[in-house]
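This report refers to the structure that appears directly beneath it.
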Amino acid sequence: MCRSMWRFRGVRRRAPLGFVPLAALAVAFLAIPLIGLVLRTPWRNLPADLGAPGVLTALRLSLQCSVSAVAVSIVIGVPLAWLLARVSFPGRNVVRALVMLPMVLPPVVGGVALLLAFGRHGLLGQWLERAFGVTLPFSTAGAVMAEAFVAMPFLIVTVEAGLRALGQRYEDAAATLGAGRWVTFLRVTLPLIAPTLGAGAALSWARALGEFGATITFAGNLPGSTQTMPLAVYLALQSNPEAAMALSLIMLVVSLSILLALRGRWFHGH
C-alpha cells in the first residue's frame, strides 16, 4: 500500500510533457538580460561612476520615495482591500476595476491624470494651493504620490486575495467571544494575513522603486528633489552609457538584496 502510494505521488509530481524546456526558456529570457548587464558593466570605472555627483542622492531619494509610497499604500490600501474582501456594497466591482486600472494604464497617462487632478490648475490642486499653500507637482511629495498611484494596486489586490482565501471563520469566532472590530482586526486578521501583506508590500515597493513614467510626468526630473534612480539612469543613458550601466547595476543589486531578505521572512516554506 505504501509503495503504491509512493508511486502515485511520484507520478503526480512529474511535469507535463514540454513544461521543463518551456520553463527553462522563461528563466533564460528573464536571466540573460540581467547577466548581460553584469558582464557589460565597466567595472573599472564603477567607483568613479558611483562617486559622480548626484548618484548617491538619487539612490537615497529612490529609497525614501519608494518606502514612503509603500507606507501610504499600507495605511489607505489595507482598509480598502478589507472592504473589497469582506463587505458587499453597491459599486464594489466598479471600485475594484478602478483599483486595478493603474496596473494596466500606461504610467505616463497616470502622470497626466495626476497633473489634471493635483496640478496647480487641477481639480484638487488649485484648492490645495489656495487653502493650504501646498503644491504637489515637481516636488518630492509629488514623486511619492506618483509612485503610490502606480504601486498601491499591487498591495490592494494581493491583500484582498489573502483575505478571501483566509475566510471569516476566525473573525467570526473572535466576535463570538466578545472581541470588538478593531481588536479582531489587529489581533486576529492582521497576524493571519501578515505573510500576504508582506508579499503585497514587497510587490508594491518593487513597483514604486522602478517607477519612471508617472514620476517624470507629474514630479519632473529635478536633481535632489524628484530625480530618482530610474530617472538618473535614463538621463545618463543619453550622455554616458557606461554610467547608465553602473547605475542600473546599483538598482539591480539593491532590488535583489531587499527581495532576497524579504523572501526569507514572508515567503518561507514556498
Exposure-ranked with fewest Cβ neighbours within 10 Å first, Leu115, Leu34, Leu105 stand as Leu34, Leu105, Leu115
For the chain, modelled as a GNM with alpha-carbon contacts under 10 angstrom, which of Gly210, Gly91, Gly162 fluctuates the most?
Gly91
Which one of Tyr170, Ala219, Pro102 is farthest out on the positive end of the charge dipole of the chain, using unit charges on Cβ (Lys, Arg +1; Asp, Glu -1) and the Cα centre as origin?
Tyr170
Along the Cα-to-C-beta direction of Arg40, a point sits 7 Å from the Cα; which residues of region 222-237 have their amide N less than 17 Å from that point?
233-237
Plugging the Cβ-Cβ distance of Val27 and Arg120 into 1/(1 + (r/R0)^6) at R0 = 45 Å yields, to the nearest 0.05, a FRET efficiency of 0.40
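Mind sorting Ser62, Ser248, Ser88, Ser255 by how few other Cβ atoms lie within 10 Å of their own Cβ, fewest first?
With the fewest neighbours first, Ser62, Ser248, Ser88, Ser255 line up as Ser88, Ser255, Ser248, Ser62.
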Select from Cys65, Met251, Leu50 the residue farthest towards the positive end of the dipole of the chain; place +1 on Cβ of Lys and Arg, -1 on Cβ of Asp and Glu, and compute about the Cα centre.
Met251
Order of Thr226, Thr176, Thr215 from fewest to most other C-beta atoms within 10 Å?
Thr176, Thr226, Thr215
GNM result for the chain, Cα springs below 10 Å: residue of Met229, Met103, Met152 fluctuating most strongly
Met103
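Coordinate-derived values only; no laboratory data. Here the structure is a predicted model, which means the values were calculated and not measured. Here Cβ is always computed from backbone atoms with ideal geometry, including for glycine, and neighbour counts include all displayed protein chains.
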